[in-house]
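Here is the structure we will look at.
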Amino acid sequence: MGEATNVTEVPLPQGGTVAVKPGDFRTEEMLLNIGPQHPSTHGVLRVVVRTDGEIILDSQVHIGYLHRCFEKVVENVTWTQVTPYTDRMDYLASMYNNLGYSLAVEKLGDVEVPERASYIRIIIGELQRIASHLMSVGTYGLDVGAITAFLYCFRDREITLRIFEEVCGQRLNYNYIRPGGVSGDLTDEMLKKIDDFIDYFLPKIDEIDNLLSMNGIFIYRTAGVGILPLDLALDYGCTGPVLRGSGLARDLRKDEPYGLYEQFDFDVITGKGEKGQLGDCWDRYMIRVREMRESCKIIKQALAKIPEGKFIEPKLLKNVKVKKGESYLKVENPRGELGYYIVSDGKKGPYRCSVRAPSFCNIAVLPEISRGCMVADMVVIIGSIDIVMGEVDR
Amino acid sequence: MIFGGTMLSNGLVFARYSLAEWIQGLLGDRLEMIPEWILFPLLMLAGCLVIIGFITVFALFAIWMERKVSAHMQCRLGPMEVGFHGALQTIADGVKLLGKEDIVPRHADKLLHYLAPIIVFAGVFPLFVVVPFSEKILISDINLGLFFVAAVGAVEVVGVIMAGWASNNKWSLFGAMRAATQLVSYEIPLGLAFLTIILLAGSFSMVDIIHQQEGWLSNWFLFHNPFMPIIFLSFFTASLAECKRAPFDLPEAESELVSGFHTEYSGMKFSIFFLAEYAAMYVVCAIAAVMFLGGWSTGIKPLEAWLADSAGNPMREVLSNTVHLVVIVTKSMFLVFVQMWLRWTLPRIRLDQIMHVCLKVLLPWTMVAMVATSAIELCWPGGNMVLTALTIVIWSIPLLWTLKAILDMTVGIFLKFVPSGR
Amino acid sequence: MNILNTLSILAAAPSEATAIWLPVFFWTFALVSVLSSLAVLVVKDIVRCAFLIMSSLSGLAGLYLLLGAEFLAFTQIMVYVGGILILILFGVMLTNREPLLIKRMKATGLVAPGVLAGLILFTAIGYSVCTVDWKVTDQPLPADADTPARIGNALMSDFILPFEMASVLLLVALVGAAMAARRGGAEG
Amino acid sequence: MTSEEILKRLQDQFGEAILGTDDSSLNLTVKVASETLLEISRFCRDDSSLSFDLLSLVSGVDWTDRIESVIHLDSTAHKHHLVLKVDCDHESPRCPSVVEIWNAADWHERETYDMFGIIYEGHPNLVRILCAEDWEGYPLRKDYLMPDEYHGIPNDFQQAGKRPQKYNPRG
C-alpha cells in the first residue's frame, strides 16, 4: 500500500497543484459562508467554513457586524448613565449586565447597598437567568428542528417578561439595577406573582425534558457532538454552562460569591456525559435546563426571607461618587463570567470601562470543536454555546 | 392491437360513471354528434383538471390544517382573522404569492430554474391517477398500480436536483444533494413494503388490494401477521422521508440550509413546490391506507355486504360510494395528521443518521418482516385468525399508547385547563 | 348509443376512432427521444446534458407504453430516471471543480474515432434490424402479454441462468464499490 | 492564596522583573516589564500554587502618555485573581503576545489591537476583529477622531453640522 508511483500533479483553479494517485477518490473542497444572515447563527455571526461535502474541515469566525463601541460611548457619560448601555450588550440577560456593572461601580465607589435591594437583585437576577435559559433552550430546539419546544419556552418566558415589565416598565432593556440598589421596589403583589410563577414553572421544566431533552432524536443529534474537553475549555477561557458542561464545577455564585449568594443553598450543575461524552452539546444544553431548577430554588429562598427596608439611596439615582482607581469584578451571567474592568480618574464618569463578554470568549472555541463535524452539527454547536451577538460585538 | 397500452386509454376515463353521467345529462342526445376522437382528449383533459382541482383544494385544506394543528400543539391559536377560524387564510396567502415578484438569481441556469418546479409537480401529479377514492370514483385502476407509484415517485428527485443546481446557490446545492441521497435510499424500504403487499394480495392493482382486505377489520393487511406492523411502520417512515417531511426534512432544513433546494424560489414557482409537497403527503397516506388499512373498507362486514348489494338500487350505489369516499379520505387524513403531529414534535435528524436509519434499521427489519410474511403466506395462504389475534396482542401496547395520545390531544385539551400565562 | 358503453369500450379496447391520436402520441414521444438525444451531443453544459438524457429516456418510456409494454415503461422510468440519472448527476456535481460554475465540455480531439465508432454501431444495429426475421402478427396481444407474473415466471424458469448471472455480477460490483469506498474513507 | 502571598511568590521568583504594584486597583495588580511577560505568564500558569489557568480578559487603557496592556488572570482551582500590566509606548505600542500560553488571549489581543493599536508580537493572526479591516485609527485611544466618512457613508456628526471635539466629555 501507499507506493508513490504514478503520482500526477493536477492543477487547482486557485493556483498550485495537488498530487493525485491513480485510484484516488478526490472531492473538491467548498467554501461556505454560514451567516452573517442565516437563521441559526443567533444574530449576525459569520462563520466561513471549508467543507468536504458536508464535513467541516476548518472554520473561521468573523464577528463585528453589530459593533457599536460600547466602551468608547461610556467614556463620555456619567456613572449612572452607563447602565442603559450595558442593557444593550447581552439583551437577553440585561438585568445581569446591569448587576455586574453596578457591583463593579459599588466596589470601586464604596457604595453601601440596602439589604432589601440585594435580595431584589437576587430574585430578579435569577428570574432573568430563567428567562435567558428559556430563550437558549427554546432556540436550541429550533436549531435542531423542534419548533414546538421553542414556543413552549417562549410561552413561559413571556410570563417572566410581564413580571419585568411590571417591575420596571420595560420588557427587554430594563435599566433596573443601578449602582447603589435598584430603581424601584418590588411590591408584595409582585412578589406573590413571582412566587406563583415559580410554582407554575417547575412542572413546565419537566415538560421541556419530556418534549426535547430526553427525545431520542434530540439526543442522537446532540450527544457526542462538539465535544469540548476541559483543558481546551479553560485554554480558550470558556466559562458558564460551556465550562460546566465540560465537567468543572465553577460557578462564581459559589466560588466568589457576590451580592448575598453565600447565604443561599443551591447546587452547581456540571456535565457528566450521561448520553454521550463529557462536554458534548447535550451536556451544555442540559446544564441550562437543570440550572433553571436551581434558580427556582434560589428565588424561593429569597422570597421567603426578603427583608423590609429601602431599595436605594435616592441621591444615588442621580450619580455616584467614585474615587480614583480601578476594579475588576465578575458575575455569573447566564452565559458565563461577565467581567467589568472599570478605571476611574475620580470624575463623573468612567475613564475606561472594559467588558469581558462571556459569549465573546466562548464563541472563540468554535473552530476547535467543530472540526470534522457536519454542516448540520455546526448549527447545533453554535446553539449549544449560546451566544448573543450584542454581547460578542458590543 | 392498434392501441396497445391500456394505461393511456384508462387514464382518460375519469370516474367511468359519475363524470360520464354528468356529461350525458348535460348534453343529452347531442352527445352522439361529438365524434369519439374529440371526446377522447376532452375526457383526458377533464381527468387532469379534476386531479388539479383536488390537489389544490386538498392543499388549501391541508395547509390550513397544518397551521391549526401546529398552533394548537404549541398553545396558540394560529390564523384566526381571515374567514371562520382563519379558514380562508391559505387563499389569502395564495393570492399574495401570485402577486409576488418572480426572482431568478443572477448566473442561475434560467431554463432549469424554470423547469424544476414543473418536474417536481410532474412527479406527484400522475400518482393521483391510481389513488382510489371509491369503487367508482377513481381515475384509473391500472393493473400495475403500485409499480406505477414506485416508478413515477422517482421522478420528483430529478426536479429537486434540478432546482438545487439551477439556483446557483450553495445552500440549494446542499439541499439537492441531501434530497437525492435521501430519496434514492428510502425508495428501497418503500419498495420492499410494496413487495410484501403485492405478495399478499397477488396483484399490483389498488382495487384488487382493497378487495382483498374487505370484510371485518381483522382482514386488513396491517393485522395479517405479527410482522405486518413492522412493514407498516417502515413504510410510513420511508414515506415521510420521500415526502421530505420532518424529521426527514433535511433537503429544506430551514435552520441549517436556510430553505434548501427552494431557497431561491419565490412567488408562483415556490407555491408549486409547496403544492407538490402537500399533494405528495396525501398520496403516500392514501397509499398507506390502501396497503395496510383496508382502503375504503369500513371494516364492518355486514355494512360492507349491505353496501355492496346495490344491484338495481342506484341510491344505495350512491350511498356506497359516498361512504367509501368518506372512509378512505378519513383514513388518509388521519395519517396526514400523524405526519403533522410528528413534524411538530420531533427534531430533525442528521444526514449520516438518515442513512443509518435507512440502511441499518429499516432495511434489515423490512427484509426480515418480508421474508417472514412470505413464509407465513406459504404456510397459511390467505391469512389466519390466530395470527391476526397474535398480532393484535403483540402490538396492543403501542396501539393503546397511540390511542391514548390521540385521546389526550383531542378530548384531553377540553378536560385540562392550560394556563395561558398571567 | 350510450355514453357509458362508449367509455367502457374506450377504456377496455380503444376503437378505430381514437386511433387517430396514435400517431400524435407516437411522434411526440419519438421526437422527444430523438431530439433530446441529439441535443445531448450538441449542448455544451454537462448538467443540461444529464437532464436531456432524462428527457430522452422518458420519451422512450412513452414509446414502450404505446407498444403495450407497461412494465417495461415503468421500469425504464424507475431505473433510468430515478436511479441511473441521479447517479450521473451526482457524479457530475461531486467531481465538478468549481461547483457552482456551469461546466463546459471541451473538445477532446476524438471526433474522428467517435464518428467511426458510431457508424460501426449504427451499421451493426441496422443490419440486425433488417436481417432478423421478426414475427409479425395481425392478432391483438394476449391480455396478459406484459404481466409481471409472466415476466417473473420466465425469469425463474427459462431464463434462470442469465438472471442469476446478472445478480452475481451486480453483487460483485456492490462488494467492489463497498471496498473502494472503504479504502477511500480509511485514507482520508 | 491571598494577594500578599501571590505577590511574594512572584517577587521571590522574578525579583527585579516585577516592577511594582498598583495600589489604586482593588485587585492585586502587578506591573511587569514587557520582556519578562511571557516568562512570568508561563510561571503563573504552570506553578502549582498559582495555577492561573483561566485568562479572563486582555484589555488596554490609554493614559495619554502611555498605553497599558492589562491581563486579568483567574485560577479555577485556588479561586484567586491576578492582574498583569505592561506599559507600552504611546506612539508605537508593542507588547509580547501570550497566545501561546492561553489561547483565550487570541481574540482579546486582537480586540485590543483593534481598539488601541497595541502590536502583540508573536500573535498568530493579528488583524482587526470588531472594526472593518480597512478601518483607520484606533477608536479607544483618547486622541481618536471619528473619520469624516467611511466608504462614502458620511459621519453623522458632520451631517449635523458639528465636529466632535477632541476628547473632552466633561466640559
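The values are calculated or read from the model by the stated rules, or taken from the named source; none is laboratory data. As the structure is a computational prediction, the values presented were derived from the model and not from experiment. Positions of Cβ are generated from backbone atoms using ideal geometry, with glycine treated the same way; all protein chains shown enter the neighbour counts.
Structure above, values below:
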{"read-out": "Set A:L142, A:L202, A:L212: member being more than 19 Å from the chain's Cα centre (by Cα) and farther than 17 Å from A:D283 by Cβ", "value": "A:L202"}
{"read-out": "Members of region A:164-185 found to be surrounded by fewer than 22 Cβ atoms within 10 Å (Cβ to Cβ) and more than 23 Å from the chain's Cα centre (by Cα), listed by number", "value": "A:E166, A:G169, A:S183, A:G184, A:D185"}
{"read-out": "Residues satisfying the stated conditions in region A:41-67, i.e. at pLDDT below 85, part of a loop (DSSP other than H, G, I, E, B), more than 14 Å from chain C (Cβ to nearest Cβ) and touching a strand residue (DSSP E or B) at 6+ places or on another chain (Cβ under 8 Å)", "value": "A:T41"}
{"read-out": "Test: residue in region D:5-19 that is of a type in the set (D, E) and under 16 Å from the mean Cα position of the chain (by Cα)", "value": "no"}
{"read-out": "Tally, over region B:126-173, of residues that are in contact with a strand residue (DSSP E or B) (Cβ under 9 Å, 6 or more places away or on another chain) and within 10 Å of chain C (Cβ to nearest Cβ)", "value": "2"}
{"read-out": "Within region B:353-408, considering residues that are within 14 Å of chain A (Cβ to nearest Cβ) and touching a residue at least 12 places away in the same chain (Cβ under 8 Å), the one surrounded by the most Cβ atoms within 10 Å (Cβ to Cβ)", "value": "B:V357"}
{"read-out": "Residue ID - farthest from B:A108 (Cα to Cα), chosen from residues in region C:20-58 that are exposed (fewer than 14 other Cβ atoms within 10 Å of the Cβ) and modelled with pLDDT under 85", "value": "C:I20"}
{"read-out": "Filtered residue count, region A:224-247, keeping only those that are at negative phi and more than 9 Å from chain D (Cβ to nearest Cβ)", "value": "11"}
{"read-out": "Residue match in region A:236-251 (condition: acidic (D, E), closer than 23 Å to A:S94 by Cα, crowded, with 20+ Cβ neighbours inside 10 Å and modelled with pLDDT of 85 or more)", "value": "yes"}
{"read-out": "From B:K269, B:K331, B:K244, residue being of a type in the set (K, R), within 14 Å of chain A (Cβ to nearest Cβ) and either closer than 25 Å to B:M73 by Cα or touching a residue at least 60 places away in the same chain (Cβ under 8 Å) (or both)", "value": "B:K244"}
{"read-out": "Any hit, region B:145-158, residues being surrounded by fewer than 21 Cβ atoms within 10 Å (Cβ to Cβ) and in contact (Cβ under 8 Å) with a residue 60 or more places away in the chain", "value": "no"}
{"read-out": "Sole residue being in the same structural domain as D:T112 (by TED's automatic domain parsing) and within 27 Å of A:K72 (Cβ to Cβ), chosen from D:L7, D:L57", "value": "D:L57"}
{"read-out": "Candidates B:L192, B:L199, B:L112, B:L173, filtered to the one that is without any contact (Cβ under 8 Å) to a residue 24 or more places away in the chain and touching a helix residue (DSSP H, G or I) at 6+ places or on another chain (Cβ under 8 Å)", "value": "B:L173"}
{"read-out": "Residue list for region B:227-246, filter: assigned to a loop (DSSP other than H, G, I, E, B) and closer than 17 Å to B:A201 by Cα", "value": "B:F227"}
{"read-out": "Test result for D:F43, under 30 Å from A:K254 (Cβ atoms) and in a helix (DSSP H, G or I)", "value": "yes"}
{"read-out": "Residues of region A:44-97 satisfying the condition of being of a type in the set (F, W, Y) and in contact (Cβ under 8 Å) with a residue 40 or more places away in the chain", "value": "A:Y65, A:F70, A:W79, A:Y91, A:Y96"}
{"read-out": "Qualifying residue in region A:264-283 (condition: surrounded by fewer than 24 Cβ atoms within 10 Å (Cβ to Cβ) and not in a loop (DSSP other than H, G, I, E, B))", "value": "no"}
{"read-out": "Single unsatisfied condition, B:S167 versus (1) hydroxyl-bearing (S, T, Y); (2) under 27 Å from B:E264 (Cα atoms); (3) at pLDDT 85 or above", "value": "(3)"}
{"read-out": "Test: residue in region A:186-202 that is in contact with a helix residue (DSSP H, G or I) (Cβ under 6 Å, 6 or more places away or on another chain), assigned to a loop (DSSP other than H, G, I, E, B) and modelled with pLDDT under 90", "value": "yes"}
{"read-out": "Only listed residue being among the aromatic types (F, W, Y), under 30 Å from B:Q213 (Cα atoms) and modelled with pLDDT of 85 or more, chosen from B:Y186, B:Y114", "value": "B:Y186"}
{"read-out": "Selection count, region A:91-148, where residues are within 14 Å of chain B (Cβ to nearest Cβ) and assigned to a loop (DSSP other than H, G, I, E, B)", "value": "2"}
{"read-out": "Residue within region B:328-336 that is within 30 Å of B:K100 (Cα to Cα) and within 16 Å of the chain's Cα centre (by Cα) present", "value": "yes"}
{"read-out": "Output for region A:338-370, where each listed residue is part of a strand (DSSP E or B), under 15 Å from the mean Cα position of the chain (by Cα) and within 7 Å of chain D (Cβ to nearest Cβ)", "value": "A:G339, A:R356"}
{"read-out": "Members of region B:84-103 found to be in contact with an Asp or Glu (Cβ under 8 Å, 6 or more places away or on another chain) and buried (at least 16 other Cβ atoms within 10 Å of the Cβ), listed by number", "value": "B:Q89"}
{"read-out": "Residue within region B:247-266 that is assigned to a helix (DSSP H, G or I), away from chain A (no Cβ under 14 Å), surrounded by fewer than 24 Cβ atoms within 10 Å (Cβ to Cβ) and not charged (D, E, K, R) present", "value": "no"}
{"read-out": "Subset of region C:146-181 that is touching a residue at least 60 places away in the same chain (Cβ under 8 Å) and either more than 13 Å from chain B (Cβ to nearest Cβ) or not in a helix (DSSP H, G or I) (or both) - its residue that is nearest to C:L65 (Cα to Cα)", "value": "C:D146"}
{"read-out": "Strands (runs of 3 or more DSSP E) enclosed by region D:46-153 - at least 3 residues per element that are within 13 Å of chain A (Cβ to nearest Cβ) and at pLDDT 85 or above", "value": "D:54-62, D:66-74, D:81-89"}
{"read-out": "Selection count where residues are farther than 18 Å from A:I369 by Cβ and surrounded by fewer than 16 Cβ atoms within 10 Å (Cβ to Cβ), scope region A:30-51", "value": "3"}
{"read-out": "So B:V284, is it buried (at least 24 other Cβ atoms within 10 Å of the Cβ) and among the β-branched types (V, I, T)", "value": "yes"}
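Each row is one residue, and each column tells you yes or no for (1) over 17 Å from D:E39 (Cβ atoms); (2) outside the structural domain of D:Q11 (by TED's automatic domain parsing); (3) among the charged types (D, E, K, R); (4) in contact with a His (Cβ under 7 Å, 6 or more places away or on another chain).
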site: D:F52; (1), (2), (3), (4): no, no, no, no
site: D:D65; (1), (2), (3), (4): yes, no, yes, yes
site: D:F116; (1), (2), (3), (4): yes, no, no, no
site: D:L126; (1), (2), (3), (4): yes, no, no, no
